[in-house]
Amino acid sequence: MHPVLFHLFGYPVHLYAVAIATGFVVGVVLVAREAPRFGYDRDMVLDLLWWLLVMGLVGSRLAFIATNWEQYYYPCADFEFYNTLQIDPPLTEPDCWRLFRFWQGGLVFYGAPIASLATLFVFMRREKLPALPVADLIIPYLALGQAFGRLGCLAAGCCFGKPWDGPWAIQFPRHTMAWDQHLHDHLITPGADVSLSVHPTQLYDSLTGFLLFGALLWIRRRRTFDGQVMVGWLLLYPVARSLNELFRGDEDRKFLTEIVVEPLNTALGLAPGSVTFLSTSQFISIVTMAVGLGLFFRLRGRPRAVFSPPPADAN
């Protein structure tokens, strides 16, 4: 864990933000290079990518605030009551700025693609161009961005896993999110230097992102209808995310209902009583897969749009 990469003019540069920025920059460079081959003007695509970044961050931040509203409402409106709920250092005055401190682990990934896809369709409608081909161009880099972003989660210490003593388990130092939660749950003592060993769920999700990136590029090369890459993401990512949720142990991950499946806990080596279903992300995954299946049956018979590539000197 290394939350601060360096200081610039006295201000910390967080590795979480650097990881997200790196994923975006790499994606922008690759998409811009491929845009003419898909028949799109490079400047138009760069404009679109800027709005996808902005709305993706807004969507992921709003999703986190919606699922953790008490962490933002009470510090601003009633910080004294908030102090009775938290094991963090107590607040001495209202703190309304935490709404904007997304580098402290305050993003929910599913909010980003939902907001970004909505923005993509609105943007392309304004441009009077079909949205599905450009979605097929961009979607693989959503998975690549996820892979980089989860490395940022590892650096920030958020999205950590359930306790586990396996060969690739990791630990987090004092006063990190995992250490605080384990102390609150009486799993460690106040004198402990590190948290319990946990599943490296951030690395699981990052590896999933890289694998999904490769799979989506493979689908894109062989697609038979516009929107097929988008459908591939809508079907594949929810499966991977739901499986990774089984190993997540952070309390920021909310549940719609708590179902314990002990045979599955035993098979996965998880502690007895670990909640298996149904987290908010697992529920969103089910909805996302249903949307993906619906789009597959709706789009699969449609012919692909044919574009003429822009002039060679197009910017």
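None of the figures in this text is laboratory data; all of them are computed from the coordinates on show. This one's a predicted model, so the numbers in the text were calculated from it and none came from an experiment. Cβ sites come from the backbone with ideal geometry, for glycine too, and all protein chains shown count toward neighbours.
If a spin label sat at a point 7 angstrom from the Cα of residue 37 along the line to its beta carbon, the backbone N atoms of the stretch 229-252 nearer than 18 Å would be those of 229-230.
Maximal additional length on extending the residue 165-residue 128 stretch stands at 7.8 nm, based on 0.36 nm per residue less the C-alpha distance. The length gained by stretching the chain between residue 293 and residue 268 to full extension, at 0.36 nm per residue less their Cα-Cα distance, is 6.1 nm. As a length-normalised measure over Cα pairs under 8 Å and 6 or more apart, the relative contact order of the chain settles at 20 percent.
What number, rounded to the nearest 500 deg cm²/dmol, is the helix-based mean residue ellipticity at 222 nm of the chain, given -39500 (n - 2.57) per DSSP H run of at least four residues and division by all its residues?
On the way: 11 runs with 178 residues, N = 315.
Helices in the chain give a 222 nm mean residue ellipticity of -19000 deg cm²/dmol.
The value of relative contact order for the stretch 93-179, using C-alpha pairs under 8 Å at least six residues apart, is 26 percent.
Between residue 22 and residue 194, the FRET efficiency estimated from the beta carbon spacing at R0 = 30 angstrom works out to 0.60. Amide H to amide H distances under 5 Å link residue 278 with 256, 257, 258, 259, where only residues 5 or more positions off or on other chains count and H is placed in the peptide plane.
For Cα extents along the principal axes in Å, the value calculated from this model appears in (1) 66, 52, 35; (2) 67, 45, 30; (3) 48, 48, 43 under label (1). Computed FRET efficiency, Cβ-Cβ of residue 97 and residue 51, R0 30 Å: what is it to the nearest 0.05? The computed FRET efficiency comes out at 0.75. Candidates 67, 207, 38 compared by Cα position along the dipole of the chain: farthest toward the positive end lies 38, with charges placed on Cβ.
With the dipole of the chain worked out from charges on the C-beta (+1 for Lys and Arg, -1 for Asp and Glu) around the Cα centre, which of 153, 49, 295 lies farthest toward the positive end? Among 153, 49, 295, the one farthest towards the positive end of the dipole of the chain is 295. Taking packing as the residue-averaged number of other Cβ atoms within 10 angstrom, the listed peptides 106-117, 248-259 run from highest to lowest as 106-117, 248-259. Neighbours of residue 223, meaning other residues whose beta-carbon lies under 11 angstrom from its beta-carbon, give a summed charge of +3 when Lys and Arg score +1 and Asp and Glu score -1. Simple point charges give the picture: +1 on the Cβ of Lys and Arg, -1 on the Cβ of Asp and Glu, and for the chain a dipole about the Cα centre of about 1680 debye. Amide H contacts of residue 13: 5, 6, 7, 8, each under 5 Å away and 5 or more positions distant or on a separate chain (H built 1.01 Å from N in the peptide plane; Pro and chain starts excluded).
With just the Cα atoms defining each centre, how far is the stretch 167-203 from the stretch 1-62? Give it in Å. Between the Cα centre of the stretch 167-203 and that of the stretch 1-62, the gap is 31 Å.
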